[in-house]
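To keep things clear, I will list the structure first and then write my remarks on it.
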Amino acid sequence: TEQKIKPKVGAVVCCGIGGVLEHTGIWVEENMIVELDGNGLIKPISASRFTKERSGKNIFIACDSNAEPLYCELAALRAMQQIYTSLPYHVIDNNCHQFIWQCFKPHDQPLSTFKALNLRLAHYFDRKIYWDLCDTKSMNY
């Protein structure tokens, strides 16, 4: 949609990296996203930090066909419980997409791509996934 969507706790967000990859995180509270960093650290960051030093300057949020954010508060809680812990990061075998999915479905089969995450989220929510622009203008940076 052309409208900007306000995120909800437990929504999956993404931005671009280098024009060829996507980076994902979980919205956990106003202006806070939990992400798995490339060094393996799970950390909370602001929306502006989420896109800093990445090619994508916009944040997108997983929504349904009515532009309603798809979210799971339990996934947000699982993400917050892991803040400041580390995982053995690997760009393919244990990346941000895998971290996000494990917050939704702990101990599920691993995944490695943004496409695989989309397919599993679609099945989880029983909805087609649309990536709409996240409304971050009203957030405090």
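The values are calculated or read from the model by the stated rules, or taken from the named source; none is laboratory data. Keep in mind that what you see is a predicted model, and the values were worked out from it rather than measured. We place every Cβ from the backbone using ideal geometry, glycine too, and count neighbours over all the protein chains shown. Ligands, DNA and RNA are excluded from the accessible area calculation, which covers all protein heavy atoms including side chains. Shrake-Rupley method; radii C 1.70, N 1.55, O 1.52, S 1.80 Å.
Numerical summary
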{"read-out": "Residue list for the range 97-137, restricted to those being charged (D, E, K, R), free of Cβ contacts under 8 Å to residues at least 40 places away in the same chain and open to solvent by less than 70 Å² (accessible area, probe 1.4 Å)", "value": "D108, R120"}
{"read-out": "Check on V28, under 18 Å from K115 (Cα atoms), in contact with a strand residue (DSSP E or B) (Cβ under 9 Å, 6 or more places away or on another chain) and surrounded by 16 or more Cβ atoms within 10 Å (Cβ to Cβ)", "value": "no"}
{"read-out": "Filtered residues of the range 111-135 (kept if of a type in the set (F, W, Y) and farther than 15 Å from A67 by Cα)", "value": "F114, Y124"}
{"read-out": "Residue in the range 76-94 that is open to solvent by less than 50 Å² (accessible area, probe 1.4 Å), out of contact with any helix residue (DSSP H, G or I) (no Cβ under 7 Å at 6 or more places or on another chain) and over 20 Å from C134 (Cα atoms) present", "value": "yes"}
{"read-out": "Residues located in the range 55-74, provided they are closer than 12 Å to I26 by Cβ, open to solvent by 70 Å² or more (accessible area, probe 1.4 Å) and in contact with a Phe, Trp or Tyr (Cβ under 9 Å, 6 or more places away or on another chain)", "value": "Y71, L74"}
{"read-out": "Single residue of C63, C14 found to be touching a residue at least 60 places away in the same chain (Cβ under 8 Å), under 15 Å from F125 (Cβ atoms) and not β-branched (V, I, T)", "value": "C63"}
